[in-house]
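Below is one structure; the comments refer to it alone.
Rule-based calculations on the coordinates, nothing more; no lab input. Being a predicted model, the structure only gives us computed values, none of them experimental. Glycine gets a Cβ as well: all are built from the backbone with ideal geometry, and neighbour counts include every protein chain shown.
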Amino acid sequence: MPIQETFPEGLKPIGKIKNADGVNFHFVWGPGRSDAEAFKDENVKAAYSARGEKQEPLGVSGTMVAVDWDSCVADGACIEACPVQVFQWYRTEKDIPAIQAINETFEGTGSSVKEERKDYTDKADPIREHDCIWCMACVSVCPPQAIKVDQSNQEFHEKEAGTFVKMESGSANPHAHD
């Protein structure tokens, strides 16, 4: 079950992953799904077991570059394909359970090399979502189709962040009447 085509409709922010630059962050949208690919993947299940961690529904990390962490099987094709290194293996920066990564702050110093994931519990996180160039390379290579890139989802992000400014019709400048 790939990321929902209608993402983020029907979901709500359950947290945010902050960039240590103090400016950029992305929401994590939930609820998560325990019927997605990661819960059926033998490599993922074995890795959680080896760590003694409970595998639990996580949700979708990111809004314009959205990775369904419940579908993500830590293949790394997205990390390898991205020409601007939007993604990092989050566990290579902070080796904590994914559920704890929600509401954490990351420097963005984790690995952006496919083969450097910690194990199959690791997730590709769009820590540099703000650097995306909309090439869609990550979407086309993800085996479980866990990624959706949609620049128009910025409105969802801004509405949740409280920074959305409605453009007046016929005006390209939202501050034209200030």
Given charges at Cβ of Lys, Arg, Asp, Glu: the chain dipole, positive-most of 24, 43, 136
43
What translational diffusion coefficient, in µm²/s and rounded to a whole number, does the Stokes-Einstein relation yield for the chain at 10 °C and a viscosity of 1.306 mPa s, taking the hydrodynamic radius as the Kirkwood radius over Cα pairs?
96 µm²/s
Could you sort out which of 18/40; 94/148; 40/118; 12/118; 12/114; 45/159 sit more than 27 Å apart by Cα distance in this structure?
18/40; 12/118; 12/114; 45/159
HN-Hα J couplings of the range 76-86 from phi, Karplus 6.51/-1.76/1.60, θ = phi - 60°, integer Hz, Gly and Pro as x?
x, 4, 5, 4, 5, 7, 5, x, 10, 6, 5
Per residue of the range 55-68, in order, report the coupling 6.51 cos²θ - 1.76 cosθ + 1.60 (Karplus, θ = phi - 60°) as ³J(HN,Hα) in whole Hz, putting x for Gly and Pro.
7, 9, x, 10, x, 10, 9, x, 10, 6, 10, 10, 10, 6
From largest to smallest, what semi-axes in whole angstrom does the range 1-67 give when each is the square root of 5 times an eigenvalue of its alpha carbon gyration tensor?
24, 17, 10
Could you work out how far helix 42-51 tilts from the main Cα principal axis of the chain, as a 0 to 90 degree angle to the nearest 10?
80 degrees
Size of the dipole of the range 38-136 about the Cα centre, Lys and Arg at +1 and Asp and Glu at -1 on the beta carbon, nothing else charged, in debye to 20?
140 debye
14 Å tail of the calculated P(r), the range 95-164, as % of Cα pairs:
71 percent
Evaluate the charge dipole of the chain about its Cα centre and quote only its size in Debye, nearest 20, assuming +1 on the Cβ of each Lys and Arg and -1 on the Cβ of each Asp and Glu.
280 debye
